[in-house]
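Below is one structure, written out as structure tokens; the observations come after it.
The values are calculated or read from the model by the stated rules, or taken from the named source; none is laboratory data. It should be emphasised that the depicted structure is a prediction, and the values quoted were computed from it without experimental measurement. Positions of Cβ are generated from backbone atoms using ideal geometry, with glycine treated the same way; all protein chains shown enter the neighbour counts.
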Amino acid sequence: MGPTQRWIVKASERLGALLERADAAAALADGRVFVNGRRTTEASLELEPGARVEVYRARAAVEPPQILHEDSGLVVVSKPSGMATEPERRGARQSLTHEVARALGVPVAAVHALSRLDLGVSGAVLLGITPEARQRAARLRGEGKLRRRYVAIAAATPEPPFGTWTSTIATARETPRRRISTDGKPAVTRYRVTGIGSPVASGRPSVLALEPLTGRTHQLRVQSAEHAAPLFGDATYGGPRQFVLSDGAVRAFDRIYLHAAWVELGPEQRVHVELPPEFSALWQATGGAAGALENAVAVELGA
């Protein structure tokens, strides 16, 4: 979504004065003001003629994140859908890293996201609070001991029902979308179908257990769509925006049906985040068998 207010400065003046006239001063401290494409929080900034000033609407408030695990500077947090992992144009202070910094009483600059979830995705995020913690996470990742499990509900069923997806994912010009391309970076994901629902227009919905071995932006969303199984709520990659219930009622989606169910910091340290209730509600609406979601959390995907 673009800015709600935009100016091209005609005469030199302080940024604070411009925002006060526009009744937008509160956006400054919230991190929603950009000058020539760069975020600023300085009311005293002197604007030169021709400077571009943009103000973005604040995101709706969502439930605060829950800190689930702390160990020597490594922190696992439950991110709700609708919250950005890191500051973005519609607010810095509502981002996960800012909320965690506030909860732990540490500077925002000390909080580094070691895994990231897209805005419409929920679940476990790993954060590093100290350089030593970040080095430990890098060592665990290099040893193959830092694992992540995702659960998704797709609008169709990929074939074959289990295996490993290998793709090369690249950026799409002038858009946050990603695409499959030979000039991209390697992306590897283990997957398994743990349940299949009743036929709908898009195919037979399915529950997917997903374990990424690489960390490309939008990796799971792009690969699911590549294999003809876009995720419910993921309109960016062809997923349905809504679902028609058996009684004719229409359920519109306000999230992507992808959830980071656990992160593992070695074989004896797995931190779980429960599936949101809307997953069960949607899966029941598709006519899917009981236990598919639970199996997606627990099943071993193998090497």
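A single entry from Leu282, Leu275, Leu293 fulfils the requirement of being part of a loop (DSSP other than H, G, I, E, B), surrounded by 16 or more Cβ atoms within 10 Å (Cβ to Cβ) and in contact (Cβ under 8 Å) with a residue 40 or more places away in the chain: Leu275. From the list Arg102, Arg93, Arg116, the lone residue that is modelled with pLDDT of 85 or more and either on the phi > 0 side of the Ramachandran plot or assigned to a loop (DSSP other than H, G, I, E, B) (or both) is Arg116.
The set of residues in region 131-178 that are surrounded by 13 or more Cβ atoms within 10 Å (Cβ to Cβ) and assigned to a helix (DSSP H, G or I) comprises Ala133, Arg134, Arg136, Ala137, Ala138, Leu140, Arg141.
Residue-wise test of (1) at pLDDT 95 or above; (2) in a strand (DSSP E or B); (3) crowded, with 17+ Cβ neighbours inside 10 Å; (4) not assigned by TED's automatic domain parsing to the domain that holds Val125.
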{"residue": "Arg192", "(1), (2), (3), (4)": "yes, yes, yes, yes"}
{"residue": "Leu208", "(1), (2), (3), (4)": "yes, yes, yes, yes"}
{"residue": "Thr214", "(1), (2), (3), (4)": "no, no, no, yes"}
{"residue": "Gln223", "(1), (2), (3), (4)": "yes, no, yes, yes"}
{"residue": "Gly248", "(1), (2), (3), (4)": "no, no, no, yes"}
{"residue": "Arg251", "(1), (2), (3), (4)": "no, yes, no, yes"}
{"residue": "Asp254", "(1), (2), (3), (4)": "no, no, no, yes"}
{"residue": "Ala261", "(1), (2), (3), (4)": "yes, yes, yes, yes"}
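A count restricted to region 1-34 and to residues that are in contact with a Pro (Cβ under 8 Å, 6 or more places away or on another chain) and of a type in the set (Lys, Arg) stands at 1.
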